[in-house]
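The values are calculated or read from the model by the stated rules, or taken from the named source; none is laboratory data. Small disclaimer: the values here were computed from a predicted structure and weren't measured. Virtual Cβ from ideal backbone geometry, glycine too; neighbours counted across all protein chains shown. Please note that ligands, DNA and RNA were not included when accessible areas were found on the heavy atoms of the full protein model with its side chains. Shrake-Rupley method; radii C 1.70, N 1.55, O 1.52, S 1.80 Å.
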Amino acid sequence: MPTQETLYNVANRVATITLNRPDKLNAWTAVMESEVRSHMENAEQDDEVRVIVVTGAGRGFCAGADMSLLSAVAERGLGNRGREQVLRDGANRREGVAPDFQKKYSYFPAIGKPVIAAINGPVVGLGLVITLYCDLRLASDASRFSTTFARRGLIAEYGMAWMLPRIIGIANALDLLLSARTIDAAEALRMGLVNRVFPQETFLEKVQEFAQELASTVSPRSLRIIKRQVYEAMSQPLGEAFDISVREMMACFRTEDFKEGVAHFMEKRPAAFTGK
């Protein structure tokens, strides 16, 4: 299906979703939101896809919500239709998924495949929110990060006050949220906001290498279950998480991927995981 504000490509078991409004630094719109959700659902259902990468076209990842929309709200107010759009959940209801991970942007953790934010340049406000719901954040050394909300008379939007402290700690989260200052990739790495930083010149190549390594050397079944374990454990006591891990471990012993995991190691050859 043709898209207006995003691109979608699958190669080497990696689906790449590109925010494609480079002239606007990929500022977020309702159209973009809908297209990204559709791409995510397609990637999750596609057996050829094992890893999902989200990045931006041009020199930035995402400059936050489109400022023309915010200007209109500042001048005329949100209105009933606008309030409904902000409040509505952006994801389809999914059986067996916690309500926390069925919201407008918080559905990324419920996708059964790793989602990597490839932050190729500035990422601000709502754009930063989007990256927090990704499983991993890889940044170019040209990236810049800002919550920006407090400098627009806004607050920590869309669950950011819950996610950001869990990623970088309360003190660092308050620093970024209260000051709304801009930090560079090196400081983001020190805080733990990003997992790795690559040179801008080779950034997309390095991201694809990283994603393809996950796609080819790790069991997709293991990735799916580990991801679910980590996010569900955020609201579980240790004892419950421990018991679940034991049950999942016992179930692994009956799978093709477990047998392949042992076989390829013993036979000193590349893995050929099926996800079964």
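Before moving on, here are some points about what is shown:
- Residue tally, condition part of a strand (DSSP E or B) and open to solvent by less than 50 Å² (accessible area, probe 1.4 Å), over the stretch 136-176: 7
- With respect to (1) closer than 17 Å to A211 by Cβ; (2) out of contact with any helix residue (DSSP H, G or I) (no Cβ under 7 Å at 6 or more places or on another chain); (3) open to solvent by less than 50 Å² (accessible area, probe 1.4 Å), the lone exception for F61 is condition (2).
- Note on the stretch 99-135: residues that are open to solvent by less than 10 Å² (accessible area, probe 1.4 Å) and in a strand (DSSP E or B) total 6.
- So T255, is it of a type in the set (V, I, T) and under 30 Å from G127 (Cβ atoms): no
Quick grid of which residues meet (1) farther than 23 Å from R224 by Cβ; (2) out of contact with any Leu (no Cβ under 9 Å at 6 or more places or on another chain); (3) among the polar types (S, T, N, Q):
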{"residue": "L132", "(1), (2), (3)": "no, no, no"}
{"residue": "S140", "(1), (2), (3)": "yes, no, yes"}
{"residue": "S143", "(1), (2), (3)": "yes, yes, yes"}
{"residue": "A156", "(1), (2), (3)": "yes, no, no"}
{"residue": "L164", "(1), (2), (3)": "yes, no, no"}
{"residue": "I167", "(1), (2), (3)": "no, no, no"}
{"residue": "A173", "(1), (2), (3)": "yes, no, no"}
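- Here I244, I225 are screened, and the one residue that is of a type in the set (A, V, I, L, M, F, W, C) and touching an Asp or Glu at 6+ places or on another chain (Cβ under 6 Å) is I225.
- So F203, is it in contact (Cβ under 8 Å) with a residue 40 or more places away in the chain and part of a helix (DSSP H, G or I): yes
- Index of the failed condition, K103 passing every other in (1) modelled with pLDDT under 95; (2) more than 22 Å from S34 (Cα to Cα); (3) of a type in the set (K, R): (2)
- Among the residues making up the stretch 6-48, those that are in a loop (DSSP other than H, G, I, E, B) and either buried (at least 21 other Cβ atoms within 10 Å of the Cβ) or touching a His at 6+ places or on another chain (Cβ under 6 Å) (or both) are R21, L25, N26, A27.
- Residue check: A186 meets all listed conditions (1) small (G, A, S); (2) open to solvent by less than 40 Å² (accessible area, probe 1.4 Å); (3) in contact with a strand residue (DSSP E or B) (Cβ under 8 Å, 6 or more places away or on another chain) but one, namely (2).
- Of the candidates A15, A65, A72, A30, the single residue that is modelled with pLDDT of 95 or more and of a type outside the set (D, E) is A15.
- Of all residues in the stretch 182-236, those satisfying the criterion of being touching a Lys or Arg at 6+ places or on another chain (Cβ under 9 Å), of a type in the set (D, E, K, R) and closer than 28 Å to A63 by Cβ are D184, R196, K206.
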